[in-house]
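What follows is one structure encoded as structure tokens, with my remarks underneath.
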Amino acid sequence: MSNATLVSTTVNGDPVQFACPTDESLMTALRNRVGLTGVKEGCGTGDCGACSVTLDGSLVCSCLVLGVEAEGRKVTTVEGLSENGELHVLQQKFIDHAALQCGICTPGFLVAAKALLDRNPNPNETEIRYALAGNLCRCTGYDKIVHAVQDAAKDMRKNNNRSKKRS
Amino acid sequence: MRYATPASAKEAAGLLSKEKGAAFLLAGGTDLLVKLKMGMVEPDLVVDIKRIPKINEIQTSAKGFTIGAAVSGAVIGEHKGLNAAWPGVVEAANLIGSDQIQGRATLAGNLCNASPAADSVPAMIVAGAKAVIVGPNKKRTVPVEKVVEGPGKTCLTKGEVIEAIVLPKPEPRTGDAYMRFIPRTEMDIAVVGVAISLKLERGVVKKAKVALGAVAPTAVVVPAAARALVGSKLDDASLEKLAAACSAACNPIDDKRGTVEYRTRVAGVLAKRAAKLAFQRAGGAL
């Protein structure tokens, strides 16, 4: 039995406190203690990327992070992508392109794709495929996912240019 | 399981050395958490070193680079100075796992996990990297090639912690490269890995170092392969000698990723390619 530890952290911009055993993964803590079930468990060993979140801005598998490591850090999950009740462009494009079937891998793909586009707003197909190589999908065959990310990147660049012109 | 976040490497070493139960160090956690999940380890104490000041930083000085033990592959990949000085070390570090793994995985962790197929280890060896090891009572600096003693086994004694990996400033006209063969394009374990660094003088190889990964219980330094390059402009005859020396140094296992014969052959092929890349990076004309 592991000792429960109180963890104070920031999740999707909100201060959050939870108590978890020291050997519990951040993935399990986010799902079972914070209630963010968009974080999915695929393999639990860092191979599939379904549990992807960002931790202080770095893309990580939350199954390979202890819950207690989140103390004082900033965590972003798929639930943090939408703003004011509106889907993020990536989320909308995944729907438009039917880039999902069962949906288990989708939150991880969205978080990883967002991390890619934050770093590289105009990735080519190869760059997208490499950046998403840590996310496994057993339904779609990846083409639709790549198309959705390309399309979202196009819209996001347009929106960025528009807001730059406005300011 | 108790979880500790010491404020210095010495404190970490003290905690690990005093622990009577099973104690593990946590940096990126990409190996430790998998072992935890699989039930391969049952820690009484986990010592997380990421709260130690400077352990998440790369420091540059006139002598070279000090890469803190918790610096992730992603941070290494974005460091302009390291990319310019030791591109082979950076590419080896960045080949490990996905972007998610790169967000956490460290050079020191790749070294301490002591896998025969660790990508960054041959690259660090040929770059002349050293591990700064802090124990409860003393500090020592050990060349990377002396750290790993066998699969999963290092020279670290109870309580010892790697605080940083130190890379020298490269001499002028030095180039390094790391290449590996995997059956897929990404996310796999090396069947063979080859790292080469060389220094040129008037277009001729003056000094060289060659190390192989995944073809023996530990990474192997191959002096005969380095000798094949010294004095040459990488003509076909010296490249053939290099390949033969690398293949002769192989003592691999047979597994689903590659047979003994295959690994032995590929080591030579990859060595020729890595030598050419290192040569070009050193400013040599092929």
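Coordinate-derived values only; no laboratory data. Bear in mind the structure is a predicted one, so any value in this text is a computation, not a measurement. Positions of Cβ are generated from backbone atoms using ideal geometry, with glycine treated the same way; all protein chains shown enter the neighbour counts.
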Next on the checklist: Please verify whether A:ILE145 is part of a helix (DSSP H, G or I), surrounded by 20 or more Cβ atoms within 10 Å (Cβ to Cβ) and under 18 Å from the mean Cα position of the chain (by Cα), treating the condition exactly as stated.
Outcome noted: yes
Item to check | Counted residues, region A:54-75 - those being part of a helix (DSSP H, G or I) and touching a strand residue (DSSP E or B) at 6+ places or on another chain (Cβ under 7 Å) | outcome: 6
Checklist outcome for this item: Picking from A:ILE104, A:ILE128, the residue that is away from every other protein chain (no Cβ under 13 Å) and within 25 Å of B:MET187 (Cβ to Cβ) would be A:ILE104
Item to check | Condition met for A:VAL16 (surrounded by 17 or more Cβ atoms within 10 Å (Cβ to Cβ) and more than 21 Å from B:GLY73 (Cα to Cα)) | outcome: yes
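For (1) touching a strand residue (DSSP E or B) at 6+ places or on another chain (Cβ under 7 Å); (2) surrounded by fewer than 24 Cβ atoms within 10 Å (Cβ to Cβ), each residue gets a yes or a no:
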position: B:ALA195; (1), (2): yes, no
position: B:LYS199; (1), (2): yes, yes
position: B:ARG227; (1), (2): no, yes
position: B:SER232; (1), (2): yes, yes
position: B:ALA249; (1), (2): yes, yes
position: B:ARG263; (1), (2): yes, no
position: B:ALA271; (1), (2): yes, no
Checklist entry - Yes or no: A:LEU6 free of Cβ contacts under 8 Å to residues at least 40 places away in the same chain, in a strand (DSSP E or B) and within 14 Å of chain B (Cβ to nearest Cβ)? => result yes
Checklist entry - Hey, any hits in region B:96-116 for a residue that's more than 14 Å from every other protein chain (Cβ to nearest Cβ), over 17 Å from the mean Cα position of the chain (by Cα) and small (Gly, Ala, Ser)? => result no
Item to check | Restricting region A:10-55 to residues that are facing another protein chain (nearest Cβ under 10 Å) and of a type in the set (S, T, N, Q), the residue that is farthest from A:GLY103 (Cα to Cα) | outcome: A:THR22
Checklist entry - Among the candidates B:VAL142, B:VAL205, B:VAL161, B:VAL221, which residue alone is in contact (Cβ under 8 Å) with a residue 40 or more places away in the chain, more than 24 Å from B:LEU270 (Cβ to Cβ) and not polar (S, T, N, Q)? => result B:VAL161
Next on the checklist: Looking at region B:19-41, I want the residues that are more than 7 Å from every other protein chain (Cβ to nearest Cβ) and have a partner that is polar (S, T, N, Q) and surrounded by fewer than 22 Cβ atoms within 10 Å (Cβ to Cβ) with Cβ atoms under 8 Å, at least 6 apart or on another chain. Which pairs are those?
Outcome noted: B:ASP31/B:ASN113; B:MET38/A:THR45
Checklist entry - Quick check: anything in region A:76-96 closer than 21 Å to B:GLY39 by Cα, more than 10 Å from every other protein chain (Cβ to nearest Cβ) and not in a strand (DSSP E or B)? => result no
